[in-house]
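Worksheet for the structure shown next.
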Amino acid sequence: MPDNYKIYYDDSFVLISDDRAQMNKNFGKVISGDSDIGAFLHKPVFYTEEANKENTILIFTEKPGWVMEMLKKNADVVLAGGGIVFNESDELLMIHRKGKWDLPKGEMDKGEKIIRTAAREVEEETGVKIETTIDEPYITYHAYILKGKNCLKETYWYEMKAKPEQNNLVPQADEGIDKVLWVKKSDLKNYEAEAHPLVRDIIRVYYPK
């Protein structure tokens, strides 16, 4: 089975893959070969001033896991947990933060288990209490610069079922959240255009078109 890692940055992404079929897809740039991959690892585009000017990038390599480990080694890895939360009507819990539709998530506290982080952040950011959580997470990566440091956020998303009648939604204002909504499957397309690419991809995993 092909090994893929997708790192989101700004409104674009880098895909690291050993799947040759990806070479036929419409990437803005393809990087392959030890020399070019080495140059990318020395100066990853998502940590440069040109980041928002680049289109999607494919790194084609027989060692995607090794490339990912090198990127982690040269960045501050931030662990976070998030919830892909459904209610009894199969509606998806979404938040509106800093002008974008998003899903509740947050950084792991010291000594905390990541699955606990995800449930805690859902409740803190939305007021929704969780009934059940599926143990197997969906993992995403997001690269950014914070206070001059190269950061790579590794987020563990857990599918969750909210307790019944969780309709008292409370946005966590001090985290920049101004809206919390339960969104019907049929209405998700109205929110995707104003969501981050990472969030759009998660939605498509759980609600395939």
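The values are calculated or read from the model by the stated rules, or taken from the named source; none is laboratory data. Values in this document were obtained by computation on a predicted structure and should not be read as measured data. Ideal geometry is used to build each Cβ from the backbone, glycine not excepted, and the neighbour counts take in all protein chains shown.
Considering only residues that are in contact with a Leu (Cβ under 7 Å, 6 or more places away or on another chain) and not in a loop (DSSP other than H, G, I, E, B), look in the range 108-136 and name the one that is nearest to TRP157 (Cα to Cα).
Step one: list which residues in the range 108-136 are in contact with a Leu (Cβ under 7 Å, 6 or more places away or on another chain), which gives 108, 114, 126-128.
Then drop every residue that is not not in a loop (DSSP other than H, G, I, E, B), which leaves 114, 126.
Working: ILE114: 9, THR126: 16 Å.
Per the criteria, the residue is ILE114.
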Practice task
All but one of (1) among the β-branched types (Val, Ile, Thr); (2) under 18 Å from CYS151 (Cβ atoms); (3) free of Cβ contacts under 8 Å to residues at least 40 places away in the same chain hold for VAL14, so report the exception by its number.
Solution key: (3)
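Name the residues in the range 128-159 that are farther than 20 Å from TYR5 by Cβ and among the polar types (S, T, N, Q), would you? Step through it out loud before you land on a result.
We begin by selecting, within the range 128-159, every residue farther than 20 Å from TYR5 by Cβ; these are 128-135, 146-149, 159.
Of everything in the range 128-159, those that are farther than 20 Å from TYR5 by Cβ and among the polar types (S, T, N, Q) turn out to be THR132, THR133.
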Handout entry: Filter pass, ILE145 being surrounded by 12 or more Cβ atoms within 10 Å (Cβ to Cβ), in a helix (DSSP H, G or I), of a type in the set (Val, Ile, Thr) and modelled with pLDDT under 95
Key = no
Fill in the blank from the handout: Checked the range 1-20 for anything aliphatic (A, V, I, L, M) and either under 15 Å from THR48 (Cα atoms) or surrounded by 15 or more Cβ atoms within 10 Å (Cβ to Cβ) (or both); matches are ILE7, VAL14, LEU15, ILE16
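Residues GLY99, GLY82: which one is under 15 Å from the mean Cα position of the chain (by Cα) and either hydrophobic (A, V, I, L, M, F, W, C) or not assigned by TED's automatic domain parsing to the domain that holds ALA39 (or both)?
Details: GLY99 fails: under 15 Å from the mean Cα position of the chain (by Cα).
Answer to the check: GLY82.
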Exercise for the section: Quickly run through the range 153-191 and pick out the residues that are part of a helix (DSSP H, G or I) and either crowded, with 19+ Cβ neighbours inside 10 Å or in contact (Cβ under 8 Å) with a residue 24 or more places away in the chain (or both). Expected result: GLU175, LYS185, TYR191
